[in-house]
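The values are calculated or read from the model by the stated rules, or taken from the named source; none is laboratory data. Given the structure is predicted, the values throughout are model-derived calculations rather than measurements. Cβ: placed from backbone, ideal geometry, glycine included. Neighbour counts: every protein chain shown.
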């Protein structure tokens, strides 16, 4: 028994040591070449040795990948020799392709696969980003942008604009960035320069600008030019209100992190982000719920046709509700968010049609706010044109989540033990709970979990990358959904 124990212990030590070597290779490719590495969609950048081991185990158990730690190390060493240009590389799929090809020369195989990103083409000019507002979404966007800083050639977080709340406002803002009751501590260091009103987070210098008027800020005086302003205040939601940002010097475009009103384009990345043009100076990233359900609805509508449906969201409470009973201008929202389930409205069902016009008029929706701080659940009750089965629907959505161009938007899970807190920090827009799927001929009910804070923020960053044209080339290419 002792020998068996020692053997397992030594195997773990060897695996941990190899994973630690991978960290250096992953980081070097990211910093020096702008290469984002992942395993079946899970980013490896900034992961610990344990995080890498978990990612490898997940890929092997879920996809049957043959990419063990030794294989991954060989791929990373070959990539270091090749020195590709900016790209998003799925190491599992690259290694699987190498094995299927039966090739003996890994470097030669990778050079052929990475041909589109080899050469001396200069990277695109970096794009300045300004966060207008620094609430729940604003701070998560800051965390993501900082973690994506890489070699500095993509999106660059340059400033945060807020209204001064107290004499020690800057310290409080920095503390809220560093500490989060839901998402945990910031992975890195945060320091404050009160003389210059700046926050330095992992080498990203963020200018904090205090202003009340979005149209009267001279960003160029801070060295910020042609910036994308991300308005996450929700104060203005139409083109007229948001166009105030464009009157400030140094602003090129505006992105709203809420459902847009009027003729404003509502963008759900993966669905209609290709409709963004250079002429679109103001766009919306829609809502967290719209981002969670629209990709799933597209897949189901394409496969079976949706006659009509109802969307019920079981949504974590938000900051516009009261902690204890008190006056609130909204119906029911004055009652304690921490003690009650609160029926409220949602525009997500009708907003789907702004990204997916073929579902215009086919969906209704309502919402129940519940006493949890994050992660929500959308229940899609659909009537289909063509009959199907539970297994067929689950097989379809599982395949979409693993292999299609919508894999960043849709995840799929089948576990009898998962609950809402298990999805805190999910990068996907929505996660289909396969064990909860109900199907009877043309009636289909789907349960879709979503981190209404972090998952949505990831979608916002993807829209930002689309606007800026800064998303690295994805290789191997994803199969269209």
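Odds and ends about this structure:
- Hey, residue 145 outside any loop (DSSP other than H, G, I, E, B) and either in contact (Cβ under 8 Å) with a residue 40 or more places away in the chain or within 21 Å of residue 464 (Cβ to Cβ) (or both) or not: yes
- Given (1) free of Cβ contacts under 8 Å to residues at least 12 places away in the same chain; (2) farther than 24 Å from residue 275 by Cα; (3) in contact with a helix residue (DSSP H, G or I) (Cβ under 8 Å, 6 or more places away or on another chain), index of the condition residue 419 fails: (3)
- Of the strands (runs of 3 or more DSSP E) lying entirely inside the range 170-230, those carrying at least 2 residues that are in the same structural domain as residue 158 (by TED's automatic domain parsing), under 23 Å from residue 464 (Cα atoms) and touching a helix residue (DSSP H, G or I) at 6+ places or on another chain (Cβ under 8 Å) are 198-201, 204-210.
- Subset of the range 449-481 [closer than 18 Å to residue 259 by Cβ and in a strand (DSSP E or B)]: 450
- Residue 417 vs. criteria in the same structural domain as residue 380 (by TED's automatic domain parsing) and either surrounded by fewer than 23 Cβ atoms within 10 Å (Cβ to Cβ) or over 17 Å from the mean Cα position of the chain (by Cα) (or both): yes
- Considering the conditions (1) surrounded by 23 or more Cβ atoms within 10 Å (Cβ to Cβ); (2) not in a strand (DSSP E or B), residue 254 is excluded by exactly one of them, (2).
- Filter result for residue 406 (part of a loop (DSSP other than H, G, I, E, B), outside the structural domain of residue 92 (by TED's automatic domain parsing) and either closer than 16 Å to residue 446 by Cβ or without any contact (Cβ under 8 Å) to a residue 60 or more places away in the chain (or both)): yes
- Note on the range 354-390: residues that are part of a strand (DSSP E or B) and either free of Cβ contacts under 8 Å to residues at least 12 places away in the same chain or closer than 29 Å to residue 320 by Cα (or both) amount to 14.
- Filtering 286, 292, 351, 337 for residues that are surrounded by 20 or more Cβ atoms within 10 Å (Cβ to Cβ), touching a residue at least 40 places away in the same chain (Cβ under 8 Å) and in a loop (DSSP other than H, G, I, E, B) leaves a single hit, 286.
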